[in-house]
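One structure is given below, encoded as structure tokens.
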Amino acid sequence: MDNNNYNRIVFRLCCIALIVTSMTFAIRAGILGQLGSEFDLTDTELGWVNAMAFLGFPVATMVGGIIYNAIGAKKLVALAFICHLLGLVLTITADGFWGLLVSTFLIGFANGAVEAGCNPLIAEMYPKNTTTMLNRFHVWFPGGIVIGALASNFMSGAGLNWQWQVALILIPTVIYGAMLIKAQFPRFDTLTHSTSSNIRHLFTPLYIFLIACMTFTATTEFGTQQWIERILGSSGASPMVVLALITGLMAVGRFFAGPIVHKLNPTGVLLGSAICASLGIFMMSQAEGSMIYLAAMLFALGVTYFWPTMLGCVAEYIPKSGALGMSLMGGAGMFAMSIWNPVIGSWIDTARSSAEASGASAEQIEILAGQAVLQNLLIFPIVLIVAFIGLHLVINNNKRTEKCAS
């Protein structure tokens, strides 16, 4: 078997591991209400449970980014498999708040290990079409969320409890674990892929600025999606169908991302994304019933390119930051969500209390609470519009300066 065939097998393995990662996001979003009811948890406590997934992720990416060059991608992905398996089993058997915290942290750590191992691996396997292959890889994050969201919606409708929904994720987990046994990962020259060299190129104004922006793009995307069931549960639209619609459009958009990025360049794509995300969240905060689906489509257009394009900016504008630079970028986004998840949960509790105090009906209370939270979330993409205008101007000015110098 030639190297191309080996690469294809490894690429498929990475995609299945990413499907597991995304299914954990979707199904956790779909079962938050059941968890709250069964264990008598407030939305603030559910926020802390959510936060553990987003905290485990950056811990794994920081550790994985540092040790990637030393141990290789295969061992990182194997670590992800072990943590996925353990975290899912512990979630199914959890008996309360603390059990959910520990198991969710393990799942988050596994998700981060997948990103830390697979992103730089794919970039190194396909040096001539890195952006295209990274986008094809990241198709399976929204793709997996579609699978998870539809499965959660169907299983909930069939009366299956949340344990069965979590158990469903074990199927792709076992598949990529079995593939790991025989898969032959490529080896790369550790002298040219040095962690110490990566570290030296992290402390630049551009990288720090991109890290800050990543915290806002991730919160815009995941802060809305992860709480979709609690925010839109009484809006007249099916939250899991909305989530499937958003992520389905994201998967299609990422598959055809190459020509768009080439025409607009990464900074132009990011600016357009921030504008669309702002309009989409604003529309969702005002709409009810079927109009929410239209607003969700606009939101999906906005967040489709955030994650892979932010990684692409690192690869294109700060290439010597290497595996560590890409890993820390993803980790920064998820760390931000670990901070904001409890805050979003408390926003829901506060908004619900305010609506109750106003004398609104039970159904109207949930609608008003969801709209209030969406209006708070709108702040993030609005800040990004300003930030990406500045980034676009700076990058284009630098390119013009380089052309004049040459």
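What is the gain in length, in nm to one decimal, between residue 128 and residue 364 on full extension, counting 0.36 nm per residue of separation less the C-alpha to C-alpha distance?
Working: separation 236, 0.36 × 236 = 84.96 nm, distance 5.40 nm.
Between residue 128 and residue 364, full extension yields 79.6 nm more.
Over region 159-281, the fraction of Cα-Cα pairs per 5 Å bin, rounded to whole percents and listed from the shortest bin up, is 2, 7, 9, 13, 14, 14, 16, 14, 7, 3, 1, 0.
Assuming a viscosity of 0.890 mPa s and a temperature of 25 °C, what translational diffusion coefficient in µm² per second does Stokes-Einstein assign to region 66-209, Rh being the Kirkwood radius over Cα pairs?
Values: Rh = 17.4 Å.
Result for D is 141 µm²/s.
Note on region 238-324: the alpha carbon radius of gyration divided by the globular reference 2.2 N^0.38 Å gives 1.21. Rounded to the nearest 20, the Cβ-based charge dipole of the chain about its Cα centre (Lys and Arg +1, Asp and Glu -1) stands at 1680 debye. May I ask for the angle, rounded to the nearest 10°, between helix 379-405 and the longest principal axis of the chain, with both axes built from Cα atoms and the value confined to 0 to 90°? It works out to around 20 degrees. Taking the Cα centroid of region 279-326 and of region 360-391, what is the distance between the two, rounded to the nearest whole Å? So the separation of the two Cα centres works out to 15 Å. For helix 97-125, what angle does its Cα long axis make with the longest principal axis of the chain, in degrees from 0 to 90 and rounded to 10? Between helix and principal axis, roughly 30 degrees.
Note on the chain: dipole from Cβ charges, positive end direction compared against 327, 171, 36; the farthest Cα belongs to 327. With contacts taken as Cα pairs under 8 Å and at least 6 residues apart, region 285-406 reaches a relative contact order of 22 percent. Measuring nothing but protein heavy atoms, the accessible surface of region 160-310 at 1.4 Å probe radius is 73 percent carbon and sulfur. Only alpha carbons enter this Debye calculation for region 194-265, each as an equal point scatterer, and the log10 of I(q)/I(0) it gives at q = 0.16 Å⁻¹ is -0.84.
Express the relative contact order of the chain as a whole percentage, based on alpha carbon pairs under 8 Å and six or more residues apart in sequence.
26
When the chain is treated as a Gaussian network with alpha carbon springs shorter than 10 Å, the biggest mean-square fluctuation among 156, 238, 37 belongs to 37.
Over the chain, the hull volume per residue, using the convex hull of the C-alpha atoms, is 132 Å³.
The GNM of the chain, with springs linking C-alpha atoms under 10 angstrom apart, assigns the highest mean-square fluctuation among 92, 228, 169 to 92.
Run the numbers for residue 383 and residue 98: contour at 0.36 nm per residue of separation, minus the present Cα-Cα distance, in nm. Could the numbers behind the result be given before it?
Working: separation 285, 0.36 × 285 = 102.60 nm, distance 3.51 nm.
Separation in residues times 0.36 nm, less the Cα-Cα distance, equals 99.1 nm.
Would you mind checking region 324-348 for residues with the amide N under 17 Å from a putative spin-label position 7 Å along Cα→C-beta of residue 196? Within reach of a label on residue 196, which here means backbone N under 17 Å from a point 7 Å along Cα→Cβ, region 324-348 contributes 324.
The angle separating the long axis of helix 43-71 from the principal Cα axis of greatest extent in the chain is about 10 degrees. Two numbers describe the Cα atoms of region 35-110: Rg and Dmax, which are 13.9, 45 Å. Over the chain, DSSP H runs of length four or greater, each weighted -39,500 (n - 2.57), average out per residue to a 222 nm ellipticity of -29000 deg cm²/dmol. Over region 235-287, the hull volume per residue, using the convex hull of the C-alpha atoms, is 67 Å³.
Quantify, in whole percent, the carbon and sulfur part of the accessible surface of region 77-137 (1.4 Å probe; protein heavy atoms only).
On the way: 1580 of 2200 Å².
Solvent-exposed carbon and sulfur of region 77-137 make up 72 percent of the total.
Pairs of alpha-carbon atoms within less than 8 angstrom and 6+ residues apart define the contacts here; what relative contact order does region 139-266 have, in percent?
Details: 49 pairs, mean separation 73.3, N = 128.
Over region 139-266, the number comes to 57 percent.
Taking only the Cα atoms of region 315-406, the radius of gyration and Dmax are 20.9, 69 Å. Each residue, residue 89 and residue 290, gets one label point 7 Å from its Cα in the Cβ direction; the gap between the two is 4.9 nm.
Over the chain, accessible surface divided per residue gives 41 Å², non-protein components excluded, 1.4 Å probe. Length available on full extension from residue 204 to residue 174: 0.36 nm per residue minus the Cα-Cα distance, which gives 6.7 nm.
Quick one: dipole size for region 26-158, taken about the Cα centre, charges +1 on Lys/Arg Cβ and -1 on Asp/Glu Cβ, in debye to the nearest 20. Could you put the intermediate results ahead of the total?
Working: 5 positive and 7 negative charges, 140 e Å.
Charge dipole of region 26-158: 680 debye, to the nearest 20.
Where does each of 5-13, 23-31 land if you order them by average Cβ count within 10 Å, highest first? Provide the component values of the computation, followed by the final result.
Details: 5-13: 16.6, 23-31: 25.2.
Per-residue Cβ counts within 10 Å, averaged per peptide and sorted highest first, yield 23-31, 5-13.
Highest-first packing order for the peptide set 353-366, 55-68, 261-274 is 55-68, 261-274, 353-366, based on the mean count of other beta carbon atoms within 10 Å.
The values are calculated or read from the model by the stated rules, or taken from the named source; none is laboratory data. Quick caveat, the model's predicted, so the values are computed rather than measured. For neighbour counting, all protein chains shown are included, and Cβ atoms are generated from backbone atoms with ideal geometry for every residue, glycine included. Calculation scope for accessible area: heavy atoms of the full protein, side chains included, ligands and nucleic acids excluded. Shrake-Rupley method; radii C 1.70, N 1.55, O 1.52, S 1.80 Å.
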